[in-house]
Amino acid sequence: MKRKLEGAFRLPKQAHQPVLLKDVLSYLRPKPGHMVLDGTVGSAGHARAILAHIGPKGFLIGLDQDQQAIDRAQKQLEQVGGNFILKCSHFVHLGNVLDSLNLSRIHAVLLDIGVSTEQLEDRERGFGFRTDGPLDMRMDPVTQTVTAAGILETKSIDDLTWIFRTYGEERYARGIARKIVEIRQTHPIRTTTELRTLIERLTPVRRRFGRIHPATRVFQALRIAVNGELDALKEVLPRAFGRLEVGGKLAVISFHSLEDRIVKHTFLSWKKDGSGEVLTKKPVRPDSMEVAENPRARSAKLRVVERKS
């Protein structure tokens, strides 16, 4: 059951509204003086609201491995005011960040897993297939060396099939992988348009016009492979939970079944051993109004766990 949030709350509307904002606030219940870590601060959509709730006595720590996101978040949070610090760091390193701030326990952690609207709309990053750009997909282009184009150019048919099938749940994984290896004998696939067009041609006509674009799953799979996202999620969950004080809450927003499955089973393991209480018996989904305003929110799922011991 969703918890009613006490008190009035208003912030100027942003161009891109954060997913499930009201639900995140109702479960985390940030209060004046709380210390909260946003491990995927992005453009600070959730962080702005949290910072406003914790007030001048609270403290917000925002992490993101994308320096461009940190720069955007800095400007947004300065408009709100209050105490906050932003670090360009992967969320798996949250323990090191908290140690550097002499914080052993905090009240809440939020992880919004996935790619941001700004990243999708930046054609030079190569996350989306709606516009033409290089097949990059690195969350941190400064330190990461493996790109999506590099994976397509070097991996075998079997490896590509595994990536597309495992990370994207793509039913035509082997056919797409085989065609990629065939094409690269004459020229490498380097752009989002090249890959999207290839996938469209290999997808049966009856499946080209469904609810999602036929290239969605392959692009998702490549992004996960480039950034090691599932392994990072498995790593960060116990680290984040371990830094909560008793009564503290960990909220995770995921966008596809692979991520949600990891979160679900991890939370249930804490329920089983008595260390945590799962507050969301089922994942919280956006309502029809939110999906109408932000179609990319349609696949979002929120799960929240509270530390009990």
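The values are calculated or read from the model by the stated rules, or taken from the named source; none is laboratory data. Keep in mind the model is a prediction, meaning the values are calculated, not measured. Heads up, the Cβs are rebuilt from the backbone with ideal geometry, glycines too, and the neighbour counts pull from every protein chain shown.
Restricting Val236, Val218 to those that are assigned to a helix (DSSP H, G or I) and either of a type in the set (Lys, Arg) or under 25 Å from Arg123 (Cβ atoms) (or both) reduces the list to Val218.
For region 272-291, indicate whether the set of residues that are more than 20 Å from the chain's Cα centre (by Cα), touching a residue at least 24 places away in the same chain (Cβ under 8 Å), loosely packed, with under 14 Cβ neighbours inside 10 Å and assigned by TED's automatic domain parsing to the domain that holds His34 is non-empty.
yes
With respect to (1) surrounded by fewer than 18 Cβ atoms within 10 Å (Cβ to Cβ); (2) more than 18 Å from the chain's Cα centre (by Cα); (3) hydrophobic (A, V, I, L, M, F, W, C), the lone exception for Leu244 is condition (1). Going by what's in this entry, would Gly42 be described as outside any helix (DSSP H, G or I), assigned by TED's automatic domain parsing to the domain that holds Leu250 and at pLDDT below 95? Spelling it out, Gly42 is indeed outside any helix (DSSP H, G or I), assigned by TED's automatic domain parsing to the domain that holds Leu250 and at pLDDT below 95.
Condition test on Ile157, is it buried (at least 21 other Cβ atoms within 10 Å of the Cβ) and of a type in the set (Val, Ile, Thr)? No, not satisfied.
For the subset of region 246-304 comprising residues that are among the basic types (Lys, Arg) and in contact with a strand residue (DSSP E or B) (Cβ under 7 Å, 6 or more places away or on another chain), which member is farthest from His46 (Cα to Cα)? Quick ask: steps written out before the conclusion?
Step one: of region 246-304, the residues among the basic types (Lys, Arg) are 249, 261, 264, 271-272, 281-282, 285, 296, 298, 301, 303.
When the remaining residues are screened for being in contact with a strand residue (DSSP E or B) (Cβ under 7 Å, 6 or more places away or on another chain), the result is 249, 264, 271, 285, 301, 303.
Working: Lys249: 15, Lys264: 22, Lys271: 26, Arg285: 16, Lys301: 15, Arg303: 15 Å.
Of everything passing the filter in region 246-304, Lys271 is farthest from His46 (Cα to Cα).
Entry remark, region 50-69: residues being in contact with a Cys (Cβ under 9 Å, 6 or more places away or on another chain) and touching a residue at least 40 places away in the same chain (Cβ under 8 Å) number 4 in total.
Each residue in region 199-212 was checked for being under 21 Å from Asp136 (Cα atoms) and surrounded by fewer than 18 Cβ atoms within 10 Å (Cβ to Cβ), and 1 pass.
The residue of region 199-215 that is nearest to Glu121 (Cα to Cα), among those that are assigned to a helix (DSSP H, G or I) and β-branched (Val, Ile, Thr), is Ile199. Out of all the residues in region 170-198, which are part of a helix (DSSP H, G or I), surrounded by fewer than 19 Cβ atoms within 10 Å (Cβ to Cβ) and not basic (Lys, Arg)? Result: Gly175, Val181, Glu182, Ile183, Thr193, Glu194, Thr197, Leu198. Contact annotation: residue pairs with Cβ atoms under 7 Å, 6 or more positions apart or on different chains, pairing a residue in region 229-257 that is in contact (Cβ under 8 Å) with a residue 40 or more places away in the chain with a partner that is surrounded by fewer than 17 Cβ atoms within 10 Å (Cβ to Cβ), are Arg239/Gly95; Arg243/Gly95; Arg243/Arg105; Leu244/Arg105; Glu245/Arg105; Val246/Lys308; Val246/Ser309.
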